[in-house]
1. Taking just the C-alpha trace of the chain, give me its Rg and Dmax in Å.
2. Measure nothing but the geometry: give the 0 to 90° angle between the long axis through the Cα atoms of 51-63 and the longest principal axis through the Cα atoms of the chain, rounded to 10°.
3. Per residue, what volume in Å³ does the convex hull of the Cα atoms of the range 26-100 enclose?
4. Mind checking the full-extension length gain between Ile24 and Glu154? Use 0.36 nm per residue of separation minus the Cα-Cα distance, one decimal, nm.
5. Applying 1/(1 + (r/R0)^6) with R0 = 30 Å to the Cβ-Cβ distance of Ala118 and Lys144, what FRET efficiency is obtained, to the nearest 0.05?
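What follows is calculated from the coordinates using simple rules that are stated; it is not laboratory data. Just so we're clear, the structure is a prediction, and the values are computed from it rather than from any experiment. All Cβ positions, even for glycine, are placed from backbone atoms using ideal geometry, and neighbour counts span all protein chains on display.
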Amino acid sequence: MTDHYSVDIAIVGAGFGGSFTALILKQMGFRVLVLDRAKYPRFAIGESSTPIADLILRKLASRFNLPALLPLSRYGTWKQNCPELGCGRKRGFAFYEHLPGHHFQQLGQNANQLLVAASSSDSRSDTHWLRADVDFHFMNQLPKFDIPCFDQTEVKV
């Protein structure tokens, strides 16, 4: 038997981006369906948040009434509310400039380095995500909003 769904938007990819987008679209009134060819939970390379990404996550979770996602915007609230989801604390990070075809050289006075401000405390710090846990958590929010999601589903065009 084949199920039929009438939707406004089909999202291909059930990871963090696809699931978060589906949740927002559903809260905006769209009928949404999510498809992914992988089986969840799945391995994915980790991510690390930035102060701006954390701010955007907080604003979107608040604006679209997604309270289960709000704690993921800071290390302290994450560990307090979602201790089962793997994450690490990130107090700051740096960007380094180097040129293609040349070995990296640290220039005097850190001329080729940009240090992004560290968080004021561990509880307010950014996070390193264990993507397998985070993606699965976001995907598991979908049924709570009546969003059909099918993993192990290939889309051919």
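1. Radius of gyration, then largest Cα-Cα span, for the chain: 18.9, 68 Å.
2. 30
3. Values: hull volume 13.1 nm³, N = 75.
Each residue corresponds to 174 Å³ of Cα convex hull volume.
4. Values: separation 130, 0.36 × 130 = 46.80 nm, distance 2.35 nm.
This chain segment gains 44.4 nm when fully extended.
5. Working: r = 35 Å, r/R0 = 1.18.
After rounding, the FRET efficiency stands at 0.25.
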